[in-house]
1. Restricted to segment 438-469, and to residues that are over 21 Å from the mean Cα position of the chain (by Cα) and within 13 Å of ligand 1 (Cβ to nearest atom), which residue is surrounded by the fewest Cβ atoms within 10 Å (Cβ to Cβ)?
2. What helices (runs of 4 or more DSSP H) completely inside segment 256-341 contain at least 1 residues that are of a type in the set (Val, Ile, Thr)?
3. Name the pairs: first residue in segment 401-416 and among the polar types (S, T, N, Q), second residue in a loop (DSSP other than H, G, I, E, B) and within 16 Å of ligand 1 (Cβ to nearest atom), Cβ to Cβ under 7 Å, at least 6 apart or on different chains?
4. For segment 386-416, which residues satisfy the criterion of being among the acidic types (Asp, Glu) and more than 16 Å from ligand 2 (Cβ to nearest atom)?
5. Quick check on segment 362-390: of everything there that is over 24 Å from Arg429 (Cα atoms) and of a type in the set (A, V, I, L, M), which residue is nearest to ligand 1 (Cβ to nearest atom)?
6. Name the pairs: first residue in segment 437-458 and in contact (Cβ under 8 Å) with a residue 60 or more places away in the chain and in a strand (DSSP E or B), second residue among the aromatic types (Phe, Trp, Tyr) and within 15 Å of ligand 1 (Cβ to nearest atom), Cβ to Cβ under 6 Å, at least 6 apart or on different chains?
7. Filter segment 230-256 down to the residues that are of a type in the set (Val, Ile, Thr) and open to solvent by less than 70 Å² (accessible area, probe 1.4 Å) and list them by number.
8. Of all residues in segment 381-414, which are of a type in the set (A, V, I, L, M) and either farther than 15 Å from Ile436 by Cα or in a helix (DSSP H, G or I) (or both)?
Amino acid sequence: MPAALKGIAVSKGICIGQAYVYYRELPEVLEYSISKYDVDKEIKRFEKAREEAQLQLKNIKNTIAKDTPHDITQFIDTHLLMLNDPVLYEDTVSHIHARLCNAEWALQAQVERIIKVFDEMDDPYLKTRKDDITHVADRIQRCLINGPAVNNADEKIDSNLKDRIIVADDLTPADTLLMQHQKIAGFITEYGGPLSHTAILARSLGIPAIVGVNNAKQFLQANEWLVLDGSTGEIHIDPPKKDLTRFRSLIRDERQRRKNLFDLKNKSSQTLDGLKITLHGNIDRPEDVRTLRQYEHTGVGLYRTEILFIEHNEIPSEEAQFENYKRALRSLKGHPLTIRTMDLGADKELSDSLQHGPLIHNPALGLRAVRRCLKDPELFLNQLRAILRASGYGPVQMMIPMVTCVSEIDQVIELVNQAKSELKTRRQRFDKHIKIGAMIEVPAAALAANCLASRLDFLSIGTNDLIQYTLAFDRIDDEVSYLYNPLHPAVLKLIKMTLDAGETGSVNISMCGEMASDTQYTRLLLGMGLKNFSVQANSLLDIKHIINSSQIGQLRCESEKILNLSHPDQIKQAVDELNRKFS
Ligand code: PEP
Ligand code: MG
């Protein structure tokens, strides 16, 4: 039996606890034919099971603490919405009619059909929704198989989970929330990556978590003492007493450190030698501004607007988009809002169009983001007008994703001008001088950053995509996720080129990809010349702490040396050394 296991670290923090091995019993789906006279009865049985599933989810929602942030309870709302989704409901009913089969069988066939469509997608958000479909369908199946009275999978969760480390193959959002309600210490799951639900929820809830631990349930025994390190991805099994003492003291220090960090809330972010750094947050929905403001009253450097399209599975009207942006703006109370135009594409297409569209072999390289918008100017103009109208109500800037060349920018500016004249005709107010910027996510854009800088007001480095495209790996493919390396010399060179282009062209350069939120890179990025960070809300104060305790002069010197190194391992060692030296 190994003394330690390793997985993907997705939510920071160390915890110590006894293992609770959670077996999510998947329902066995029964298949049988029914007579045409029993069709109505079978449909009624399906409806009853669906209502029961709905009731269970509502009960869970009522069980969790009232002050649970909206972005967390939203996971349950998504499942409630899916229960009523016609693709799941109506098509299952039609299947019962057409095939004269039982409801379990019809539902299973429907889920398999939907999952096949999801498997052909390459978008992390939509991939996560595949898990949602399975979780929702499993809940209905349980109600169908066991009957409403006895069945509630959630009751199978032991009532005494306090301080336990959960070991599971996978967890539904409902499982996760119920377990968090019982104050568990952390999670270990066999499946999932950094974008899985468990990972997202664990980060939002501040619970240490490790995912992708192969065969964890086989290696970890119930009640065994574990130490879970959510920063390194390491799980120590039954560690000796002296290690436990060391981990306990690390936990105490970390608790105190996080408490102290709040002293920095709303203080300016500035290096010891006086360089002011802008620190903004990333959001996906207007409600996220509330979470952001728990850490800092600041602006938004990245608002991913495609989430609105994806969550509602339809193109929102200009009015709906305008209201949505205005809501975010109102919550920001005068701080700036950077609205990124939709990053939809062949792979992030709304599921309706996907079912009928052609098969895309390389969706990440396909009709995504600005390419998709320029292909459909009416769709794009709709959003441009909504953004412009919001700019009449507060400080708004517009950011264009996945730009590859200046001709795309020329076309965008032409469309923005068209949208402006339409609003003038309608006598609707907007900011005539709205700032327009582009994301640097494609190596070509970084290499030509000086050309883009000369036409735009700002640039923002999207390292998630920039790293994927530079190192030629699919960011959501578990098989190649080991290639993700922000410290690859090619990545650092592209970042440096972009920062230099900003300096020469007197244009602000920001970074809004995950690299900006990761404290191990903050000193290096400051030394390379990054002055604008847009980060996850719960990283804000950590990053500010590093900024406020750094001397920019020293970091510049050290970073220059690091940029001359050519081996990624040497670079990693040098960055670790830089962090040790100045922390
Ligand atoms: C990025 O690519 O770094 C980025 C911020 O955009 P997204 O993660 O939404 O693709
Ligand atoms: Mg991106």
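1. Pro443
2. Working: elements: 288-295, 306-312, 318-332.
Output list reads 288-295, 306-312.
3. From residues that are among the polar types (S, T, N, Q), the pairs are Thr404/Val442.
4. So the first thing to find is which residues in segment 386-416 are among the acidic types (Asp, Glu), and the list is 408, 410, 414.
Listed by number, the residues that qualify are Asp410, Glu414.
5. Of segment 362-390, the ones over 24 Å from Arg429 (Cα atoms) are 362-372, 374-376.
Now restrict to residues that are of a type in the set (A, V, I, L, M): 364-365, 367, 369-370, 374.
On the way: Ala364: 10, Leu365: 14, Leu367: 15, Ala369: 8, Val370: 12, Leu374: 18 Å.
Among residues in segment 362-390 that are over 24 Å from Arg429 (Cα atoms) and of a type in the set (A, V, I, L, M), the one nearest to ligand 1 (Cβ to nearest atom) is Ala369.
6. The qualifying pairs are Gly437/Phe458.
7. The initial filter retains those residues of segment 230-256 that are of a type in the set (Val, Ile, Thr), namely 232, 235, 237, 245, 251.
Thr232, Ile235, Ile237, Ile251, listed by residue number.
8. Within segment 381-414, the subset of a type in the set (A, V, I, L, M) is 381, 384, 386-388, 390, 396, 398-400, 402-403, 406, 409, 412-413.
Once the filter is applied, which keeps residues that are of a type in the set (A, V, I, L, M) and either farther than 15 Å from Ile436 by Cα or in a helix (DSSP H, G or I) (or both), segment 381-414 yields Leu381, Leu384, Ala386, Ile387, Leu388, Ala390, Val406, Ile409, Val412, Ile413.
The values are calculated or read from the model by the stated rules, or taken from the named source; none is laboratory data. Worth saying up front: this structure is predicted, and the values here are computed from it rather than measured. Methodologically, a virtual Cβ is constructed for each residue, glycine included, from the backbone with ideal geometry; neighbour enumeration extends over all protein chains shown. Just the protein is used for accessible areas: all its heavy atoms, side chains included, with ligands, DNA and RNA removed. Shrake-Rupley method; radii C 1.70, N 1.55, O 1.52, S 1.80 Å.
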